[in-house]
Amino acid sequence: MRHLIDITDLELTEIDGLLDLADDMIAHRERYADSQRGRILGTLFFEPSTRTRLSFESAMLTMGGNVLGFASADSSSTAKGESLQDTIRTVSCYCDIIAMRHPKEGAPVAASLCSDVPIINAGDGGHNHPTQTLTDLMTIRREMGRLDSLTIGLCGDLKFGRTVHSLISAMSRYPNVRFVMISPPELRVPEYLTEMLRAKNIEFCEVEQMESVLPELDILYMTRVQRERFFNEADYVRLKDTYVLTPEKLRLADSRLRVMHPLPRVNEISSKVDSDPRAVYFTQVRNGRYVRMALITRLLEVCE
């Protein structure tokens, strides 16, 4: 049984193969229209989601499969006190593969230990989001033509941002990648990640001002300050508007820059930036369906 819990579960050759397959699915969608007919995807979202849940469902439906599941814990027997393990055991009786999001770190690992079908981590608390990372890698590769020799700026909530944590873990495996981490002191990237970067001799720096580093970036990965991760409302209010990307600030950046965001955004990117050709966050959204099509296909192949 093969699961995807962490982006490092995949070898680089496997990541490249998934991205190649996703590219082919974009170019030749008709080839895959019936590839999962008769298969069922379970979507278990114990935490709210728009893009991730709908892209998984769209991916399976595009390949001729079917979908069942729930969009919040309140609409499942979890609300009655059912354990995660019992929910997984039950749902794995009804489907061939499960994509799950959960507010608790490590929940997908626990699910994988009792599931009869592959588990895909669609986000667990502030820890990991490997399928968003695959989407990000696909977007970077299609926009820049490579995944090595890049300067990646990560801006905003780097402490709780699971998409940031997964992206650092993934991009640190490619040669000549440099990270610029832009955040207030309270939202710096967790120490386990900076220790990993030091151990691998990967260049990175931590700064508080976005404008000063914009000219040197190939990728600017914006994130929102996540209200749901804060215990103190006053801290959230104080930090939520720390970084706002505007057209005026973008004038400082090179034409090669690509602005990315895992979405949803609140106000950290002005809507006036949307028309800039360097803004590719809605391209990420489109790419997400095909990445998840490729991932579902590969994991189900292992089960055959």
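A few remarks follow.
- Listed values for the range 15-26 are Karplus-derived 3J(HN,Hα) couplings in whole Hz (6.51 cos²θ - 1.76 cosθ + 1.60, θ = phi - 60°), namely 4, 4, x, 5, 5, 4, 5, 4, 4, 5, 5, 5, and x replaces Gly and Pro.
- Computed from label points 7 Å out along Cα-Cβ, the spacing between Leu252 and Cys303 is 4.9 nm.
- Per-peptide average of other Cβ atoms within 10 Å, ordering 107-114, 203-210 highest first: 107-114, 203-210
- With both labels modelled 7 Å from their Cα along Cα-to-Cβ, the Ser271 to Asp24 distance reads 4.1 nm.
- Electrostatic dipole magnitude of the chain [Cβ: Lys, Arg +1; Asp, Glu -1; Cα centre; debye, to 20]: 480 debye
- Burial order of peptide ranges 31-42, 147-158 (average beta-carbon count within 10 Å, highest first): 147-158, 31-42
- Among Pro247, Ala110, Met181 the positive-end extreme of the charge dipole of the chain (Cβ point charges): Pro247
- Karplus (6.51, -1.76, 1.60) ³J(HN,Hα), θ = phi - 60°, over the range 173-178, in Hz, Gly and Pro reported as x: 8, 9, x, 6, 9, 10
- For the chain, the spread of Cα positions along the three principal axes, ordered from largest to smallest, is 54, 45, 40 Å.
- Sorting 7-20, 91-104, 284-297 by their mean Cβ neighbour count within 10 Å, with the most densely packed peptide first, gives 284-297, 91-104, 7-20.
- Multiplying the residue separation of Leu12 and Arg142 by 0.36 nm and removing their Cα-Cα distance gives an extension gain of 45.1 nm.
- Nonlocal Lys pairs with alpha-carbon distance under 23 Å, the chain (8 or more apart, or different chains): 8
- The length gained by stretching the chain between Cys93 and Glu206 to full extension, at 0.36 nm per residue less their Cα-Cα distance, is 36.0 nm.
Any read-out appearing in this document is the output of simple, stated calculations on the displayed coordinates, not a laboratory observation. In this text the structure is predicted, and so the values were computed from the model without any measurement. FYI the Cβ positions are ideal-geometry reconstructions off the backbone, even for glycines, and counts take in every protein chain you see.
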